[in-house]
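Structure first, then comments.
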Amino acid sequence: MQIFTRWLSRVATLSLAVVFLVPGVQAQDEVLQYGGGDRDVEPLRVVVDTSFTAELVDNIAGSFVEVEAVVDGEESPLAYSLDEDDRERIESADLVVYQGLGLMPEFIQAAEAREKTDRVVLTDRIPDFRLIETEDGVNPHTYHDPSLLQYSVDHLTIRLKERLETVAGEIEGNRLRINIELQSLMRETEGLMEDVPRSERVLVTDNDVFAYFAKAYHFELLDVTDEDQSEKAIELIERNETPNVFTVAGAGEEAIEEWLEAKRGSAIPESVGMAPELTGLWLGDSNLPTGTYIGLFRENVSEIILGLKPLPEAGSEAPAE
């Protein structure tokens, strides 16, 4: 219980840290002072690939855009196929914004039929050396790392200001605010991870959606659908007494559940369980904290920490420090 209490204390303290980032806040205020512009702006109709992109566009441009996501709600973009309505929306939009990195190939192909001035690839400005390479190409979830998302924020801001010149100051102010929030989120997460020893930072799963998280926070991510990684997962679970493995909503096709059922009680202890599901392919309900990137990121961090360091059951003693 002491670990959990300290963890909650860190969240409260670090979440407030953004208030005291005086230089950044002053810079934002200065931008907003000249950012009024002409408020009578015809909203830009923006069609995007996923709810992550939709939230980012809306967060930067607010009421100056009308955003439509092709893949919305709890639907995976990984195997999504465009219909004729999707293609018509992409063709007729004022601006098309999408992640790139091979996510939703049909969307990318349809978007690339538009002029370059009418489309924005969010990951275009991320340095190649920061991307996660796999045998099948670049991991498409790489840019969900908050340090890389800032490249996308900056790139998208520039393009939106070109299309919405009269409110460019306000859009720039939003960029500053979002990047301050992302920097605060990074520090907050690094602080929380201090309670998880490096040797215990193991994510055993059946996909690579959270490879960006593993890279950023020094976790070993092991996909049990790979035979070598499956063997290493068994070894590390035994060595570290890892309490839970992880699944990701919309990914893995339940391979981790089948693996756990086959290995538990023989190759790994019977006590190994399944942590609450992580979410990395869509945002939650817009009325909930998980309806934003930052809220969802925090939720996933919480589930990962509690999955690796579960709270003691009622009536039992907290683990020794």
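Odds and ends about this structure:
- Residue-level analysis places residue 90 outside the set of residues that are without any contact (Cβ under 8 Å) to a residue 24 or more places away in the chain and either part of a helix (DSSP H, G or I) or not assigned by TED's automatic domain parsing to the domain that holds residue 59 (or both).
- From the options 203, 182, 95, residue that is modelled with pLDDT of 95 or more and within 23 Å of residue 249 (Cα to Cα): 203
- Selection status of residue 298, out of contact with any strand residue (DSSP E or B) (no Cβ under 9 Å at 6 or more places or on another chain) and under 19 Å from residue 188 (Cβ atoms): yes
- Residue, surrounded by the fewest Cβ atoms within 10 Å (Cβ to Cβ), within region 86-104, restricted to residues that are farther than 18 Å from residue 72 by Cβ and under 20 Å from the mean Cα position of the chain (by Cα): 102
Table: residues versus (1) more than 19 Å from the chain's Cα centre (by Cα); (2) crowded, with 22+ Cβ neighbours inside 10 Å; (3) of a type in the set (A, V, I, L, M, F, W, C).
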| residue | (1), (2), (3) |
| --- | --- |
| 166 | yes, no, no |
| 171 | yes, yes, yes |
| 179 | no, no, no |
| 183 | no, no, no |
| 186 | no, no, yes |
| 190 | no, no, no |
| 201 | no, no, no |
| 209 | no, yes, yes |
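- For region 42-75, the tally of residues that are modelled with pLDDT of 95 or more, closer than 30 Å to residue 253 by Cα and assigned to a loop (DSSP other than H, G, I, E, B) stands at 4.
- Verdict on residue 282 being surrounded by 18 or more Cβ atoms within 10 Å (Cβ to Cβ), in a loop (DSSP other than H, G, I, E, B) and out of contact with any His (no Cβ under 9 Å at 6 or more places or on another chain): yes
- Scanning region 230-247 for residues that are polar (S, T, N, Q) and either surrounded by fewer than 17 Cβ atoms within 10 Å (Cβ to Cβ) or touching a Phe, Trp or Tyr at 6+ places or on another chain (Cβ under 8 Å) (or both) gives 230, 240.
- Enumeration of residues in region 190-235 that are in contact with a strand residue (DSSP E or B) (Cβ under 7 Å, 6 or more places away or on another chain) and acidic (Asp, Glu): 206, 208, 220, 223
The values are calculated or read from the model by the stated rules, or taken from the named source; none is laboratory data. None of the values given here were measured: they were computed from a predicted structure. For neighbour counting, all protein chains shown are included, and Cβ atoms are generated from backbone atoms with ideal geometry for every residue, glycine included.
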